[in-house]
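The values are calculated or read from the model by the stated rules, or taken from the named source; none is laboratory data. Quick caveat, the model's predicted, so the values are computed rather than measured. Every residue, glycine as well, gets a Cβ built from its backbone with ideal geometry; the counts of neighbours run over all protein chains shown.
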Amino acid sequence: MMKYFILTNNTEYELTRPVSDMAAFFAYQLLHDVSQMAEDDELVLLRLEHGNGRVGVVLEKEGNIYGSEEECQHGADVFGDALASGEVKRCIKIAVYKAFCQMTGVRPELPWGILTGVRPGKLAHKLVDGGISFTELPAAMEKSHLLPQRQGRLLRNICQLQKQLVADEERFNEAGIYIGVPFCPTRCTYCSFPAGIVPKDEESQQNFVNLIEQDIENVVQLISMHSLRVTSLYIGGGTPTSLNDRVFARLLALAERLKLPTVKEFTVEAGRPDCFSDAKLAAMEEAGVNRISVNPQTFHDRTLKLIGRRHTVTEFYRAYEKVRQSSITVINMDLIVGLPGETEADVLYSYKEAARLNPENLTIHTLTLKRGAELFGSQLSMEPKTAGCLVEQGQELAAAMGMHPYYLYRQHYMLGHLANIGYAKPGTESIYNIQMMEERHPVIGVGPASASKAPLRDGHHLEKLNMPRNVKAYGERLEELFMRREELFKL
Ligand code: SF4
């Protein structure tokens, strides 16, 4: 049996998402066409109301009426210009949550309150910029967004640390650069990133890097035109190391043109040990890479097979050891909680192994199965509650390893509505991750599927340019994309 709701009044498109996000906590899905319902499906009628500075939600099920309303700071016309402010959405979310609680008689725990976006840290920065003290922050976020105080304290600590690491005063001219390589050796079954399988022939790989070369040349001009101080350089993907040794070395040599004296951090994602090589490691050392991601995801061979990664745990250990003995000083390791077939004990074993290897950075992800992932819609083997406990144990593990959380993000369709949390030993936090996640600094994207972001002077909005995901489309539109990116940074 499925549970559905329909919106009975004309609702602005922008409001349907917040309503659906909250109804999903009660397992209700938005239905557009009642003829699609099966006989035993359940249907609730949902109506939004507004007036006199209030928003209300009315639910009707089997002739019974349930409702809730919230005061909304924007006066009588709450569905007018105020929509863009987010305040109306916030009030509607709370009203929807309370109305469903009333109707169902259950009060599901909201691990992140009514925050359903990717970047909950932005709220903390916004409130602090608006005059809320760090001490008041957790209580303020609980009041406004039903955020549990433990998450409020986590966001508060991260926000406080980020302000020390990337100074607010410099935030309009200190930039990060991202170079995207949208290829991987094989496709992981949980992945929804639009990465393709790396072309085998060198000519196709070199043709791809020819496009990146043009892009980098344009960015060199852009940086000098706008006097941007580049502090971080990040080559990600996909898996940049899926390129062959020669092409990878050429890519790094090109990236060095962006490695200006102001660059403090140069990261390469070498996530997959199945395409790691001594030659690639030597090329990274030569180019001055000082941070690298080598990702086990799990320390169980049977899981690696299940998720379509072509390497073994032993190959991971080998790659890790080689990097450890190189001149690259910061190693990040990614783990995922909730992978198919894994139990709590499996994850705890992976935690133990990660601690034994003692990387400088550890990122603990929670499984996210978006549309586009091979496993989308399949039954998950781990209960959300177990995943939640493991994420908390991950926090304890990181603390025991001498690390602190320094950035986090969330995704739609995430197991248990949890979060991905990045931890670092003091002094090894990735500047790029902060710049990219908090969206308070300029980020210049190079390559297909990359994004350029220019923050606006109001401090909380930005202009963005997404490069096409498809390599061919990206290559054909380079000139136009360069012009649009230049416009972005004129703001
Ligand atoms: S390595 Fe990363 S980007 Fe590539 S398929 Fe796997 S999850 Fe996706």
Handout entry: Residues within the stretch 238-254 that are under 23 Å from residue 359 (Cβ atoms) and away from the ligand (no atom under 15 Å from the Cβ), tallied
Key = 2
Problem - All strands (runs of 3 or more DSSP E) inside the stretch 1-108 with 2 or more residues being outside the structural domain of residue 416 (by TED's automatic domain parsing), at pLDDT below 90 and over 27 Å from the mean Cα position of the chain (by Cα) - result: 42-51, 54-61
Practice task
Would you tally the residues in the stretch 307-335 being of a type in the set (A, V, I, L, M), surrounded by 19 or more Cβ atoms within 10 Å (Cβ to Cβ) and over 21 Å from residue 425 (Cβ atoms)?
Solution key: 1
Fill in the blank from the handout: By residue number, the members of the stretch 237-268 that are within 25 Å of the chain's Cα centre (by Cα), over 22 Å from residue 166 (Cα atoms) and not in a helix (DSSP H, G or I) are 237, 238, 239, 243
Problem - Residue match in the stretch 160-173 (condition: under 16 Å from residue 121 (Cβ atoms) and touching an Asp or Glu at 6+ places or on another chain (Cβ under 6 Å)) - result: yes
Handout entry: Among (1) within 22 Å of the chain's Cα centre (by Cα); (2) among the β-branched types (Val, Ile, Thr); (3) farther than 26 Å from residue 436 by Cβ - the single one residue 116 does not satisfy
Key = (3)
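Looking for whichever is within 22 Å of residue 462 (Cβ to Cβ), away from the ligand (no atom under 16 Å from the Cβ), β-branched (Val, Ile, Thr) and outside any strand (DSSP E or B) here; the options are 223, 212, 216. Which one fits?
Being within 22 Å of residue 462 (Cβ to Cβ), away from the ligand (no atom under 16 Å from the Cβ), β-branched (Val, Ile, Thr) and outside any strand (DSSP E or B) holds for just one of 223, 212, 216, which is 223.
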Completion exercise
When (1) among the small types (Gly, Ala, Ser); (2) over 23 Å from residue 311 (Cβ atoms); (3) within 16 Å of the ligand (Cβ to nearest atom) are applied to residue 196, the one that fails is (2)
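Would you mind listing the strands (runs of 3 or more DSSP E) fully within the stretch 291-396 where at least 1 residues are in contact (Cβ under 8 Å) with a residue 12 or more places away in the chain, in contact with a Lys or Arg (Cβ under 9 Å, 6 or more places away or on another chain) and in the same structural domain as residue 408 (by TED's automatic domain parsing)?
Per the criteria, 330-337, 361-366.
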Problem - Per-region count, the stretch 158-174, residues buried (at least 17 other Cβ atoms within 10 Å of the Cβ) and modelled with pLDDT of 95 or more - result: 4
Exercise for the section: Check whether at least one residue in the stretch 467-485 is under 18 Å from the mean Cα position of the chain (by Cα) and in the same structural domain as residue 338 (by TED's automatic domain parsing), and report yes or no. Expected result: yes
Exercise for the section: Can you tell me which residue within the stretch 269-290, out of those that are of a type in the set (Asp, Glu) and either modelled with pLDDT of 95 or more or in a loop (DSSP other than H, G, I, E, B) (or both), is farthest from residue 235 (Cα to Cα)? Expected result: 278
